[in-house]
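Take a look at the structure set out below.
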Amino acid sequence: MKTPRVQQTVEQYDASAPRYETRWARYLEGTLTRALAVIDGPPSMVLLDVSCGTGRLLQALAQRFSHARLIGIDASPGMLRQVTAKHLPPNVQIAQGDAQALPLSSATCDWVVSTSALHHFHQPGKVLEECQRTLRPSGRLLILDWCREAWYCRLIDWWLRLVDRAHVRMYTRRELHTLLSQSGFVPQRSERFRVSWVFGLKLWDMMLVTASPHPPSHRGAVIVSV
């Protein structure tokens, strides 16, 4: 059963779904391009997009990995209707679901990806544990989200907590690494970058972190900061 705040978040995204991609076109281009540059794997890999939104990432992945199984999960029916309207190929599957209780069997996925959703999760540790459960031992997790390291992003985070009930909190990379470690992951790659928000200016701080559900057997963890 959804809590009132979670239900409000779902309703907010249901309402914004029809115009979401138009309103956030620059932001989506800047963030999803980063995720696409990192994701790779065998032609038959299985990838889960947690909180897949309107399916822009799934659409791009389907063009690159025509034989992969691509799964999108989102709590918002309105967002999922936008995915359906894209008429994606049969290797793309979508379902309404809760990120804290993913409707997949354990050790199913080669990749689990979540973009621009972490700041909405009320129990991020539980979400990450579910991601860890669904990953194969050789799989990878990719988290891309807003970053609270710049002073003005700390201010924005404080303001959003006051005015936006859908917003829970932003994290720094160090805080995200701690969450990942507590959930059974080893961070592998960590980047900080900026994307366009308004007037074409790249002012919005972002982070991209990948992690493995277990230490790689052939080398230690590598942290790459940009």
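The values are calculated or read from the model by the stated rules, or taken from the named source; none is laboratory data. Please read these numbers as outputs of a predicted model, since none were measured by experiment. Heads up, the Cβs are rebuilt from the backbone with ideal geometry, glycines too, and the neighbour counts pull from every protein chain shown. The protein model used for the area step is the full one, side chains on, heavy atoms only, and it has no ligands, DNA or RNA in it. Shrake-Rupley method; radii C 1.70, N 1.55, O 1.52, S 1.80 Å.
Annotations for the structure displayed:
- Solvent-accessible surface of the range 35-182, averaged per residue with a 1.4 angstrom probe and all protein chains in place: 44 square angstrom.
- Length released on extending from His122 to Ser44, taking residue separation times 0.36 nm less the Cα-Cα span: 24.8 nm
- Dipole check for the chain: with +1 at the C-beta of Lys and Arg, -1 at the C-beta of Asp and Glu, and the Cα centre as origin, the magnitude is about 300 Debye.
- Accessible carbon and sulfur surface of the chain relative to its total accessible area, %, 1.4 Å: 55
- Residues of the range 57-81 with amide N under 15 Å of a point placed 7 Å along Cα→Cβ from Ala166: 74-81
- Using the Cβ-Cβ distance between Ser138 and Glu175 with R0 set to 25 Å, the FRET efficiency works out to roughly 0.40.
- In the chain, helical runs assigned H by DSSP with n ≥ 4 each contribute -39500 (n - 2.57); averaged across all residues and rounded to the nearest 500, the mean residue ellipticity at 222 nm is -11000 deg cm²/dmol.
- FRET efficiency, 1/(1 + (r/R0)^6) with R0 45 Å, evaluated for Phe193 and Glu11 via beta carbons: 0.90
- Computed about its Cα centre, the charge dipole of the range 30-102 is approximately 220 debye, with only Lys, Arg, Asp and Glu carrying charge at their Cβ.
- Within the listed set Leu155, Leu135, Leu36, the Gaussian network model of the chain (springs between alpha-carbon atoms below 10 Å) gives the highest mean-square fluctuation for Leu155.
- Highest mobility in the GNM of the chain, judged by mean-square fluctuation with C-alpha springs under 10 Å and restricted to Arg34, Arg192, Arg161, is found for Arg161.
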